[in-house]
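What follows is a short report on a single structure.
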Amino acid sequence: MDWLAWLSLAGICALGAMSPGPSLLIVLRSAASGPRQGFACAMAHGAAIAVYAGLTAFGLAVLITRSPLVFTILQWAGAAMLIYLGWKALRAPAPNPAAASIPAPHQSAGRSALQGFGVAFFNPKVAVFFTALFSQFVTEQQALTTKLGMAAMAAGIDAAWYCLITLAVFAGRNRNWVGNSLGHRLQQLFGILLLGLAARLVLTL
């Protein structure tokens, strides 16, 4: 992939991680117990993302070589899914600030890590998202290092974002930012980028 494709992929992965949702609330609740718990939750969440991203990248690569027609159909289905996800992000109401202010009981780092991994790994929307996203970037000629790089970048961006959230909580900043206009605007920007990526595929196929 060229640098523009890497930049596009990184930007969408970053905005996907930044979009408010159940993962953010889990990390906030873990970070409220302490920085060690928050970092454990963030890293475990990134590990689950690495599993999904890696399996998706390699699975799509195998599909290209064995059934190009099925992969082309999947690309169109992926574009349709990106349009759907982008539209939902644009139409989503602003998050409820009260949902982020629920006090969290103190918990161990191990339990926080388990919750972080579970909230990502058992979320079918993560698998759908990476299948739709990576179908626009995976090609037959890609090297093993490229596929590993895609998975590592997605996981690294995700873990880094939630580590920053943990640092923000540790620094005593207002945790209710998830419910303010910034989080909502990020979600809308995420929707616009997803629609743009889908339009790019429609124009190139």
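The values are calculated or read from the model by the stated rules, or taken from the named source; none is laboratory data. Every value quoted in this text rests on a predicted model; they were computed, and no experiment measured them. Cβ: placed from backbone, ideal geometry, glycine included. Neighbour counts: every protein chain shown. Ligands, DNA and RNA are excluded from the accessible area calculation, which covers all protein heavy atoms including side chains. Shrake-Rupley method; radii C 1.70, N 1.55, O 1.52, S 1.80 Å.
Numbers for the structure displayed
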read-out: Elements of type helices (runs of 4 or more DSSP H) contained in the range 106-189, each with 2 or more residues being surrounded by fewer than 18 Cβ atoms within 10 Å (Cβ to Cβ) and modelled with pLDDT of 85 or more; value: 109-121, 144-170
read-out: Helices (runs of 4 or more DSSP H) wholly inside the range 1-100 containing at least 3 residues that are buried (at least 18 other Cβ atoms within 10 Å of the Cβ) and at pLDDT below 75; value: 68-91
read-out: Pair list, Cβ < 6 Å and 6+ apart or interchain, from the range 130-149 residues that are free of Cβ contacts under 8 Å to residues at least 60 places away in the same chain to residues that are crowded, with 20+ Cβ neighbours inside 10 Å; value: ALA132/GLY78; ALA132/LEU82
read-out: Residues of the range 190-205 satisfying the condition of being open to solvent by 80 Å² or more (accessible area, probe 1.4 Å) and at pLDDT 70 or above; value: ILE192, ARG200, LEU203
